[in-house]
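Some notes on the structure that comes next.
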Amino acid sequence: MEHKTEKSILIKYKEYEGINNLPEEDRALVDMAVKAASESSYAPYSGFHVGAAVLMENGKVVCGSNQENASYPCGLCAERTALFYAHSKYPKSSVSAIAIAAVSDGNVVSFPVYPCGACRQALLESQHRKGSPIRIIMHGSEKTQIVNGVESLLPFSFKLGQ
Ligand code: THU
């Protein structure tokens, strides 16, 4: 008798071709992420300008961008810049959605920008604070993908006391 089972995890996501096909609220959030990437990113080392726009449950939007450093590990991704700023500014509210986009060589990149592992862990903390799924909008000029819930990006996640 075998003492193993094979299991699988299903990840559901929505995919839209082109920004004009996105629901209006998501499009507005993506536009703000692109604006942050274009106007406030500091990325002299990679040339990859990332922006994130966080929609809070109180209706406010907080934007952030990647901030690099000559000592590379000191830099911070756009997602965590925006998330930490949002929680600092509105500690009693919670995060409903985040849009992520990037600009390279003056153009919005064509592929969806996925958050790195550390940002997924930070997003998970925001989701725990909220107690319900956060909508994550990962934008590219050719296609935009949306997941509802951080577990779709981080299925086996670390929790204290497990
Ligand atoms: N970066 C982000 O801001 N967000 C991500 O999800 C991935 C990577 C930044 C870090 C660095 O400044 C640049 O993109 C290139 O890795």
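The values are calculated or read from the model by the stated rules, or taken from the named source; none is laboratory data. It should be emphasised that the depicted structure is a prediction, and the values quoted were computed from it without experimental measurement. Note: ideal-geometry Cβ built from the backbone for every residue, glycine included; neighbour counts use all protein chains shown. In case anyone asks, the SASA skips ligands and DNA or RNA and just uses the protein heavy atoms, side chains included. Shrake-Rupley method; radii C 1.70, N 1.55, O 1.52, S 1.80 Å.
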Per DSSP H run of at least 4 residues, take -39500 (n - 2.57); add these up for the chain, divide by its residues and hand me the 222 nm value, nearest 500 deg cm²/dmol.
-8500 deg cm²/dmol
So Glu57 and Ser132, fully extended at 0.36 nm per residue minus their Cα-Cα distance, gain in nm 25.9 nm
Inter-label distance for Tyr114 and Ser141, nm, one decimal - labels placed 7 Å from Cα along Cα-to-Cβ:
2.2
Cα pair distances exceeding 25 angstrom across the range 14-152, given as percent:
18
Give me the 1.4 Å probe accessible area per residue for the chain, excluding ligands and nucleic acids, in Å².
58
Grab the beta carbon distance between Tyr42 and Lys12, set R0 = 30 Å, and tell me the FRET efficiency rounded to 0.05.
0.30
Would you calculate the separation in nanometres between label points at Gln121 and Asn69, each defined as 7 Å from the Cα along the Cα-to-beta-carbon direction?
1.7
